[in-house]
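Okay, so here's the structure we're looking at.
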Amino acid sequence: MMKNHKVAKSIADASWYEFVRQLEYKCKFYGRTLIKADQWFASTQICSSCGEKGQKKTMDVREWTCTCGAHYDRDINASINLLMLAD
């Protein structure tokens, strides 16, 4: 059904909704806290050391150096930013 472009977006949205619903249910059941980041949160763009957003980076940029001098792997920097968002 995902190959049918007329309904693929609706099916994908429903799947993500169900996934998040299940996570919320499990967190409530086990007494955990679920923190959802906004879909537009620029976790890969923001420097986790100084907080500067800088210019938009394309997906092929895997490593970058901030103006503060910190050097980052894109994925590790995003995970640090998401951890700080949870605090």
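No value in this document is a laboratory result; all are computed from the given coordinates. The shown structure was predicted, so the numbers you read here are calculated from the model rather than taken from an experiment. No Cβ is skipped: glycine too gets one built from the backbone with ideal geometry, and neighbour counts run over all protein chains shown.
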Inset, instruction - State whether the residues of the stretch 50-63 include one that is touching a Cys at 6+ places or on another chain (Cβ under 9 Å), farther than 19 Å from Ser79 by Cα and in a loop (DSSP other than H, G, I, E, B). - result: no
Inset, instruction - Hey, can you tell me all the residues within the stretch 1-49 that are among the aliphatic types (A, V, I, L, M) and either in a loop (DSSP other than H, G, I, E, B) or surrounded by fewer than 10 Cβ atoms within 10 Å (Cβ to Cβ) (or both)? - result: Met1, Met2, Val7, Leu34, Ile35, Ala37, Ala42, Ile46
Legend entry - Lys3 over 17 Å from the mean Cα position of the chain (by Cα) and basic (Lys, Arg): yes
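Give me a count of the residues in the stretch 35-87 that are out of contact with any His (no Cβ under 9 Å at 6 or more places or on another chain), β-branched (Val, Ile, Thr) and farther than 24 Å from Val20 by Cβ.
4
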Inset, instruction - Starting from the stretch 1-24, keep only residues that are farther than 26 Å from Ile35 by Cβ, then list their pairs with residues that are small (Gly, Ala, Ser) whose Cβ atoms are within a distance under 8 Å, requiring at least 6 positions of separation or different chains. - result: Met1/Ala8; Met2/Ala8; Met2/Ala12
